[in-house]
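Just below is one structure, and these are the notes that go with it.
The values are calculated or read from the model by the stated rules, or taken from the named source; none is laboratory data. Quick caveat, the model's predicted, so the values are computed rather than measured. Because the Cβ atoms are built from the backbone with ideal geometry, glycine has one as well, and the counts that use them run over all protein chains shown.
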Amino acid sequence: MNKELELLQSEINNNCDELRKIDINKINIIADFGNESHIELKNKDRGCRIYPFYFSETPIYEFEWDDCLIFQTSRDDIKKQVEIIKSWILKRTMPSEVQIQFPEIKLNKLAKYYEKGEGVKGEFIESWNEIEENNYNYLSVDPEEYHTSKDTIRLIKEMREEGLNESLRIGSRLSWLILSRARRHIINDNTPHVGIYFFGNNQMKIYSNLSDETEEFEVEVKYEEHLERFVKELLKEEIK
């Protein structure tokens, strides 16, 4: 496995000597998860992770901006891939221009936000879009089993009207919705956050994990009083 990675890394470098001089050009071996071992290329906030073994017969190239996936490609044509890498990492070409240069590339939803300099805002907005879409899908599958999704969707819409989808990440953990100021979805007990659990019948439990203190209430499904207070405190936290 390591030899195959070294061979691919050497081929890429031989096709573009400039890549030897970027901030990071290394092989990462992931113990016990060989498929996830990869080559990492990174120059400032632009990067590319190359997975030769990740559930594909051909290498997968994941192109990132500030560690956020913007697009990916998969092919054996090293020269063509190096052209894309050069454009993305060395020339710092904007996503829309990369797509014009290489029409086969499909940009993800966050590309437009990063191009406008609103990457974090975009990550937050898309997290809300995903949760809302998931709950609509649950309702379409079984309205009886997923009856709490109606309350979830209604509360999400209320909070969107307050513009919270632009300043908070929303995610899920087991049956809870989690609000945070985290750039990524990884949340632990040390991460300031607010949790929401829906009982149905317009009732929910909310708790806050802020300032080393925890508070918990059972209330009506509505963005007011305790939930509003929790969120205002959460918004004081630094985005990390």
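Summed over region 10-62, the residues that are surrounded by 15 or more Cβ atoms within 10 Å (Cβ to Cβ), touching a helix residue (DSSP H, G or I) at 6+ places or on another chain (Cβ under 8 Å) and modelled with pLDDT of 90 or more give a count of 21. Within region 139-177, can you find the residues that are loosely packed, with under 14 Cβ neighbours inside 10 Å, part of a helix (DSSP H, G or I) and among the hydroxyl-bearing types (Ser, Thr, Tyr)? Once the filter is applied, which keeps residues that are loosely packed, with under 14 Cβ neighbours inside 10 Å, part of a helix (DSSP H, G or I) and among the hydroxyl-bearing types (Ser, Thr, Tyr), region 139-177 yields only Ser140.
Across region 199-233, what is the number of residues that are in a loop (DSSP other than H, G, I, E, B) and more than 26 Å from the chain's Cα centre (by Cα)? The number of residues fulfilling the criteria is 6. For region 32-61, taking the residues that are in a loop (DSSP other than H, G, I, E, B) and among the small types (Gly, Ala, Ser), the one that is nearest to the chain's Cα centre (by Cα) is identified as Ser37. From the list Lys112, Lys79, the lone residue that is more than 30 Å from Gly163 (Cα to Cα), out of contact with any Phe, Trp or Tyr (no Cβ under 8 Å at 6 or more places or on another chain) and not in a loop (DSSP other than H, G, I, E, B) is Lys79.
In this structure, Asp189 qualifies as in the same structural domain as Ile125 (by TED's automatic domain parsing), of a type outside the set (Lys, Arg), in contact (Cβ under 8 Å) with a residue 12 or more places away in the chain and exposed (fewer than 12 other Cβ atoms within 10 Å of the Cβ).
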